[in-house]
Amino acid sequence: MGRNDTITLYTDGACSGNPGPGGWAAILKWRDHKKELSGFEAATTNNRMELRAVIEGLKAIKNDDYPVQITTDSRYIHDAFIKDWISGWKRKGWKTSQKTDVKNRDLWEELIDLVESYDVEWAWTKGHAEDELNNRCDELARGEVEKRRG
């Protein structure tokens, strides 16, 4: 398999207030195909929406034979995997280095299970910058909140 066989997954989350109403978005690209996904939760946090975006993006992939590059502007998610915070959380009974409960454990556990099904490469991009697909995810996630404001 070559580089063209890699599935790219861009994700973003948004929240109006923290907590408050939130939206998530994911864009899947594979070869010449592109799929946009987005959703809404009435009472949530920005970090939960960032996690939900990656979860829903991975769930939408129909074939786990291809490597997946996940691009996020969330240091929270990127660093948890790249810096392997997750192993420490598990080893400490889902406690942080400050001995407090890891927030969003339910979503972390779901995401970890999904990530283990794929050959994943993580990439970070600066939010609200020059990355076209990240900006589109941001637009979709914020749009989910805006369309429910009435």
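Over 31 Å between C-alpha atoms is what I'm after, so list which of LYS35/LYS147; LYS95/LYS147; LYS83/LYS147; LYS35/LYS99; LYS62/LYS95 land there.
Over 31 Å Cα-Cα: LYS95/LYS147; LYS83/LYS147; LYS35/LYS99; LYS62/LYS95.
So what J values fall out for segment 12-20 if you push phi through Karplus, 6.51 cos²θ - 1.76 cosθ + 1.60 with θ = phi - 60°, rounded to Hz, Gly and Pro as x?
7, x, 9, 8, 9, x, 8, x, x
According to the square roots a ≥ b ≥ c of the eigenvalues of the Cα gyration tensor, what is the shape class of segment 111-150, taking rounded for a/c under 1.5, prolate for a/b larger than b/c otherwise, and oblate for the remainder?
oblate
Computed on alpha carbon atoms, what radius of gyration and Dmax characterise the chain, expressed in Å?
Every Cα atom of the chain included, Rg and Dmax give 15.2, 47 Å.
Taking the mean number of other Cβ atoms within 10 Å as a proxy for protection, how do you rank 42-49, 104-111 from highest to lowest?
Details: 42-49: 18.6, 104-111: 16.0.
Highest-to-lowest ranking by the protection proxy: 42-49, 104-111.
If you add up the charges near ASP73, with Lys and Arg at +1 and Asp and Glu at -1, over every other residue whose beta carbon is less than 14 angstrom from its beta carbon, what do you get?
Combined, the nearby Lys, Arg, Asp and Glu give -4.
Tell me, in nm to one decimal, what length is gained between ASP32 and ALA60 on full extension, where the rule is 0.36 nm per residue of separation less the Cα-Cα distance?
8.4 nm
Under 8 Å for C-alpha pairs, at least 6 residues apart: give me the relative contact order for the chain, rounded to a whole percent.
With pairs under 8 Å counted, the relative contact order is 32 percent.
Okay, helix-only estimate at 222 nm for the chain: each DSSP H run of n ≥ 4 adds -39500 (n - 2.57), divide by all residues, round to 500 deg cm²/dmol; what do you get?
Only helices count here, giving -11000 deg cm²/dmol.
Roughly speaking, what is the stretch gain from LYS95 to ALA129, that is 0.36 nm per residue apart minus the C-alpha to C-alpha distance, in nm to one decimal?
8.9 nm
Read-outs throughout are calculated quantities, based only on the coordinates presented, and are distinct from any laboratory measurement. In this text, all values refer to a predicted model and were calculated from it rather than measured experimentally. Backbone-built Cβ (ideal geometry, glycine too); neighbour counts: all protein chains shown.
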